[in-house]
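Chemist: Shown below is the structure under consideration.
All of the numbers you see were taken from the coordinates with simple rules; none came from a lab. The shown structure was predicted, so the numbers you read here are calculated from the model rather than taken from an experiment. With ideal geometry, Cβ positions are generated from the backbone for all residues, glycine too; neighbour counts draw on all protein chains shown.
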Amino acid sequence: MVIDSTRMKSLADRLAGDEVKGRSLWADARKRFFKNKAAVGGLIVLLFVLAFAAFGDLIAQYSNEELDFSIMGQIAEKGGPSLANGHYFGTDDLGRDLFARTVQGTQISLAVGIVGSAIAVLVGTFYGAFAGYVGGRTDNIMMRTVDILMSIPYMFVLILLLVVFGRSIIMLFMGIGLISWLDMSRIVRGQTLSLKHKEFIEAAEATGVSRLTIIRRHIVPNLLGVVAVYATLLVPLMILTESFISFLGLGVQEPLTSWGALISEGSGTLNYGTFWQLAFPLFFFVITLFAFFFVGDGLRDALDPKDR
Amino acid sequence: MKTKLLLSTILGVALALPAWAATHPVTGEELAANQDYTYWLLDAIKSMDPQINTDVEGSGVLRSLFEGLFNEDQVGGLVPGVALDFDLSDDKTVYTFHLRPEAKWSDGKPVTAQDFVYAWKRLADPEFASEYAWYMELMQVVNASAIIAGEKPLDELGVKALDDNTLEVTIEAPLPYFPQMLTHASTFPVRQDVVEAWGPKWTDPEHMVGNGAFMLKEHILGEKVVMEPNPAYWDADNTILEHVTALTINDQNAALTRYLAGELDRVQIPAGQYPRLAAEYPNEAISVPQSCSYIYIFNMDPVKGPAALQDVRVRQALSYAIDRDVIVNSVLQGGQAPSYNWTHAATAGFEMPDIEYSHWTQAERDAKALELITEAGYGPGKPLALTLNYNTSEAHKKIAIAVQQFWKKIGVELTLNNMEWKVHTDKMQNQDFDLGRYAWCGDYNEASTYLDFFTSYSGHNNGKFVSEEYDRLMKESKTAENPNLMYTAAEQILADQMPVAPIYQYSLVEMIKPDMRGMSTENLMQNWYLKDMYRVAQ
Amino acid sequence: MFAFIARRLAIAVPTLLLLVIFSFLLMHAAPGGPFTSERGLPPAVLANLNAKYGLDQPMWRQMVNYVWGIVAHFDFGPSFIYKDRTVNEIIAQGFPVTLTYGAISFAVAVVVGVGLGVSAAIWHNSWLDYLAVGISIGAQVLPNFVMAPILVLVFTLWLGWLPGGGWEGGQWQYVIMPVIALSTSFMASIARITRSSMLEVLNSNHIRTAKAKGLPMRKVILRHALKPAMLPVVSYLGPAFVTMITGSVVVDMYFSTGGIGKAFVDSALNRDYAVMMGVTILVGTLTVLFNLLVDVLYAWIDPKIRY
């Protein structure tokens, strides 16, 4: 999965074209966004998944860790989805309620996706904006550093980090977030460069506003469109990365789980007559990734309307 | 798929009958035309050098590429290998082995006593730094410890060649199970000239010279090992398999799928799948005892361990509250035995003490556990927080999760801490844990391989259990006429003091193609030899 | 151009050095060492082993020796776990495998992806377009560790068409499933990028002019549109390459191909410092070179760019 650079660039060019005219751009965008069926569909799915993560526990008949001893040992026969015994999604190999586990896995995966993407966006935006705005030597050094970091096989480094510091959610957030801000910083820098010479910035400089304030007050708000789109599209990438880490067995600690862990467990036992163990988590995983994808795409098209 | 397989088998048999009427030389069974065998390796073989190898899978291959003084038969009894027999001195410390004069290396040269002397010295050589050097110490070969520590020259190792066919080994003290230890791969002979000519490269298929029934043809890391019969082997006429392949498949479920697709002849069954497969393939799924014991170690180190675990009542309560029947019947489901002691129950000569709590019902155990832990000042009202370390594995995880739930009932809040293997081991060895998962597999079929573990002077006693009485018993057992009496008493101490919570005793749970024979599954150590295997016509 | 290449290569050296130092320190900071084993080695044996592998020397010394060995002799040292082998041998055995299935996957992904993307753009808003978009989104979100067991189940167990794993020197029937598992998501990404970039180009003025001049569509696409439309695809190839190496871990694990992906994960878990460093350096170097190649290709396609 990848973020489409052509369309990001097109969006960035447009947003840098003129100063954001307050409400009108966003109001227009909103109108266009809600006309886009795929995007609205995605948004509805996202709301559904969020509600599932937030309130699923209220519906679940079991906790995510208790073992159902009446089912344990006969999962293929008795552990299937059933309304009668309250295991709506069936159970996992140990007789734990898969519904409760999917709810809890959704919470973790969404958290990793959103927090990871937020870290990437924050770091990337400020780094890029700073480099672009200050310019000159500083810019040069900062961007060369990005070049260097881009040549590092990040998944290898992430594996090393998790091996060395032990697995923890914090490490996962940091690790996943810190490897994805590089692209962001490049886009933001490019846009900052084109914003820098706009009249409103020069006016602010002339009145003696400090650099940091200019970056904060004038540059960053103008970057908001690109950042929002990028952040939305980054979330599914983060979720995919987390799932790979979980597949390697370096993800969150039991009894906590994540989509990646559930899917990886489910796909291992695919041939043992417990198809639901893969189907339910994979369903939520796929629809969420789709939804983020459509929403991000829709957001971008809304901000940068072209016939596509 | 199934019909196709059946058809090809019938065709194969029909075609084979007239051309191939071979029968097994001993049993007289009719042999199949196809004598290829493919089995599963979880991981790549790390080294093909007998004195470097450290793992079970490597030993499996080495037992066929090399041959030690003795081999094991189908049920684990000693049978002559390179040695025909031995004389034992009156003080039981000097063994004189008479080697088989017809034993040959794969390049045709005779196997001599000097080859053993070279290999054994190599194992103890501090410069060579074998990770299995301690096996020489375990065998109590004279001066082994001092040589490994660099305090004595290598020449003083208690092993010498009296002539080409006579090997003399001197050990420090009588050791009743010494001959048993000689089937271990690290005692296999190697050729000095070959090792010196090629250096570490001598184990490459093109350089390797072995004295086993098979020769190495190919060894591709992460993919496969291929072996073929060694025509120079002294018993080559009775080697039946013609082509053996070991495939590395890192995923247990993938391996099973490939077995079912007919690509493998032997594979391990993942936890929980045995009942289904046994019902579906009654002639292929097996479950037999294997000499390993699975435990949770309590960290009893007075400084680094949690204070609560110093209290024997807490340890007993924790052990009692584990419902082992649920673990073996519902989690593992592979015919493993619930365990209330340390030594594997099927170990040769071992007599189980009468362990009281093993006869109770689980309800009684739970009640007693609750009573004990309340007495100790904990319990549901005042939860005891502990952390369990375990290494990454689907089965370990499942057991840990189950135990976490069992202990909730007696007010223990168990945090699970899953780590990869190296970190887990490192933390265990530094007493940096509360409770740790551990499993020990016997090196030889005698109870001391288990019981030595808990002596205060053992290098493996990671929970730092100390009992003078226990140490005394184990020391006495080394020279006793019947050491099994001491072993039983030692087990009783473990049951009373509970330095570990025993959980289950291993079974080997496997799928084996129904026409395979000679698989040594009745051997508790699971030491198999390719030279014993064959396929029968069906 | 040459100045540009030279400058990029000059950056590569500190990049790799940084990578070496970073992973070296990280690795040594990890609990447990290559000789941490279940049995717990007697101190005397451990000391002998550490002496044999130079682990008893101070860290900086080990690092200097290591780097010197590479620079002077191209020697990455012996493996600490696979003691019969050197790192050079392990890489020499595994890398060609990874390279083979990687290159084929790459080619498949690019050819099929670009084809799909271009068709979707030309017949914009037709059923073909929707199908292409649908496939490409669907294929992107299915993790390869889910796809691999499904492939084995279907093609090996149920249909009996393909062997469930192994490499056998790269015979075709052993290559198919690894390539499908590895290439699908890249193919999908490339299709999607090509489609949007092609649409952008087709709407641009010079293509409109070409069309207005009455040139046949096929010529317009091949002569004028394809090349500029490839720019974003080319810039995607760099990151795609790195992700593909990561994907080789899954391929090696499920299909027992014996490539370097698994070697890396194993070496990190086993603390096989030498193999871990060797693979990291290899992958780092390849990444740097590949990014450079991508940039050169980019400059060649887009004459507007001056370095």
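Chemist: Assuming 0.36 nm per residue, please report the length gained on full extension of the stretch B:T387 to B:E206 beyond their Cα-Cα distance.
Modeler: Working: separation 181, 0.36 × 181 = 65.16 nm, distance 5.04 nm.
Additional length available on full extension: 60.1 nm.
Chemist: To the nearest 10 degrees, how steep is helix C:260-270 against the longest Cα principal axis of chain C, on a 0 to 90 scale?
Modeler: 40
Chemist: Here is a further query. Just tell me how shielded B:367-379 is by partners: mean number of partner chain Cβ atoms within 10 Å of each residue's Cβ, no decimals.
Modeler: Working: counts 0, 0, 0, 0, 0, 0, 0, 0, 0, 0, 0, 0, 0.
Counting Cβ atoms of other protein chains within 10 Å of each residue's Cβ and averaging gives 0.
Chemist: A follow-up question, please. Using alpha carbons only, how many degrees (0 to 90, rounded to 10) separate the axis of helix B:56-65 from the longest principal axis of chain B?
Modeler: Rounded to the nearest ten degrees, it is 20.
Chemist: Label points 7 Å out from Cα along the Cβ direction at B:E351 and C:M59: separation in nm?
Modeler: 5.7
Chemist: In whole Hz and in residue order, list the ³J(HN,Hα) couplings for segment C:276-281 that follow from phi through the Karplus curve 6.51 cos²θ - 1.76 cosθ + 1.60, θ = phi - 60°; x for Gly and Pro.
Modeler: Rounded to whole hertz, the list is 4, 5, x, 5, 4, 5.
Chemist: Out of residues 5 or more away from B:M419 or on other chains, whose amide H comes under 5 Å of its own, with H placed 1.01 Å from N in the peptide plane?
Modeler: For B:M419, the qualifying residues are B:Y390, B:N391, B:T392.
Chemist: Does a label point 7 Å from the Cα of C:W300, set along Cα-to-beta-carbon, have any residues of segment C:217-261 with amide nitrogen under 15 Å, and which are they?
Modeler: Under cut-off, by backbone N: C:227-228, C:230-231, C:234-235, C:237-238.
Chemist: Then there's this: Using the charge dipole of segment B:314-423 (Lys, Arg: +1 at Cβ; Asp, Glu: -1 at Cβ; taken about the Cα centre), state which of B:G334, B:V412, B:W360 has its Cα farthest towards the positive end.
Modeler: The Cα lying farthest towards the positive end belongs to B:V412.
Chemist: Provide the FRET efficiency to the nearest 0.05 for the B:V94-B:K152 pair, computing r from the beta carbons and using R0 = 30 Å.
Modeler: Working: r = 19 Å, r/R0 = 0.63.
Computed FRET efficiency for B:V94 and B:K152 comes out at 0.95.
Chemist: From the phi of every residue in segment A:245-254, what ³J(HN,Hα) in whole Hz does the Karplus formula 6.51 cos²θ - 1.76 cosθ + 1.60 yield, where θ is phi - 60° and glycine or proline is x?
Modeler: Whole-Hz 3J(HN,Hα) from phi for segment A:245-254: 4, 5, 4, 6, x, 10, x, 5, 7, 4.
Chemist: In addition: Just grab the label-to-label distance for C:H28 and A:A54, each label 7 Å out from Cα along the Cβ direction, in nm (one decimal).
Modeler: Placing both labels 7 Å beyond Cα along the Cβ direction yields 5.1 nm.
Chemist: Can I ask one more? Which FRET efficiency value, to the nearest 0.05, is calculated for B:V303 and B:R472 with the Förster distance at 35 angstrom and r the Cβ-Cβ distance? Each step should come with its number before you reach the end.
Modeler: Values: r = 25 Å, r/R0 = 0.72.
So the FRET efficiency works out to roughly 0.90.
Chemist: Take the alpha carbon atoms of segment B:445-485, find their center, do the same for segment C:200-241, and report the distance between the two centers in whole angstrom.
Modeler: 79
Chemist: Related question: Which one, A:L158, A:L250, A:L270, has the greatest fluctuation when you compute a Gaussian network model over chain A with C-alpha springs under 10 angstrom?
Modeler: A:L270
Chemist: Give a quick list of chymotrypsin sites (Phe, Trp or Tyr not before Pro) in segment C:37-91 that DSSP marks as loop, anything other than H, G, I, E or B, with at most 15 other Cβ atoms within 10 Å. Show your work: numbers first, answer last.
Modeler: Numbers: sites: C:Y53, C:W60, C:Y66, C:W68, C:F74, C:F76, C:F80, C:Y82; in loops: C:Y53, C:F74, C:F76, C:F80, C:Y82.
Within segment C:37-91, the qualifying chymotrypsin sites (Phe, Trp or Tyr not before Pro) (loop, at most 15 other Cβ atoms within 10 Å) are C:F74.
Chemist: Cα centroid distance between segment B:186-232 and segment B:402-441, in Å?
Modeler: 40
Chemist: I'd like the Karplus ³J(HN,Hα) series for segment B:314-324: coefficients 6.51, -1.76, 1.60, θ = phi - 60°, whole numbers in Hz, and an x wherever there's a Gly or Pro.
Modeler: Rounded to whole hertz, the list is 5, 4, 5, 4, 4, 5, 4, 6, 7, 8, 5.
Chemist: Starting from the amide H of B:A103, placed 1.01 Å from N in the peptide plane, find each other amide H under 5 Å away whose residue is 5 or more places distant or on another chain.
Modeler: The list, which skips near neighbours in sequence, is B:V111.
Chemist: Gaussian network model of chain C, Cα springs within a sub-10 Å range: biggest mean-square fluctuation belongs to which of C:K262, C:K219, C:K227?
Modeler: Residue with maximal mean-square fluctuation among C:K262, C:K219, C:K227: C:K219.
Chemist: Simple spin-label model, 7 Å along Cα-to-Cβ: C:W158 to A:A203 in nm?
Modeler: 6.6
Chemist: List the residues whose amide H sits under 5 Å from the amide H of A:R96, counting only those 5 or more places along or on another chain, with H placed 1.01 Å from N in the peptide plane.
Modeler: A:D68
Chemist: Charges only on Cβ, +1 for Lys and Arg, -1 for Asp and Glu: so what's the dipole of segment B:72-213 about the Cα centre, in debye to the nearest 20?
Modeler: Working: 10 positive and 24 negative charges, 37 e Å.
Around 180 debye, computed over segment B:72-213.
Chemist: Moving to a separate point now. Just want the answer: with Cβ charges of +1 for Lys and Arg and -1 for Asp and Glu, which residue in B:I148, B:A197, B:V159 is farthest toward the dipole's positive end in segment B:143-231?
Modeler: Highest projection toward the positive end goes to B:I148.
Chemist: Place a +1 charge on the Cβ of each Lys and Arg in the protein assembly as shown and a -1 charge on the Cβ of each Asp and Glu, then give the dipole magnitude about the Cα centre in debye, rounded to the nearest 20. Present the calculation step by step, with values, prior to reporting the outcome.
Modeler: On the way: 87 positive and 113 negative charges, 1629 e Å.
Dipole size: approximately 7820 debye.
Chemist: Additional query: Helix B:468-477 versus the longest principal axis of chain B: what angle, 0 to 90°, nearest 10, using Cα atoms?
Modeler: That works out to roughly 20 degrees.
Chemist: Run the dipole for chain C about the Cα centre, Lys and Arg Cβ at +1, Asp and Glu Cβ at -1, nothing else charged, and hand back the magnitude in debye, nearest 20. Intermediate values should be presented prior to the final figure.
Modeler: Working: 20 positive and 13 negative charges, 268 e Å.
The calculated dipole for chain C is roughly 1280 debye.
Chemist: What is the calculated FRET efficiency for B:E375 to B:N482, with r their C-beta to C-beta distance and R₀ = 35 Å, to the nearest 0.05? Intermediate results must be reported in sequence, preceding the final value.
Modeler: Values: r = 38 Å, r/R0 = 1.10.
Once rounded, the FRET efficiency stands at 0.35.
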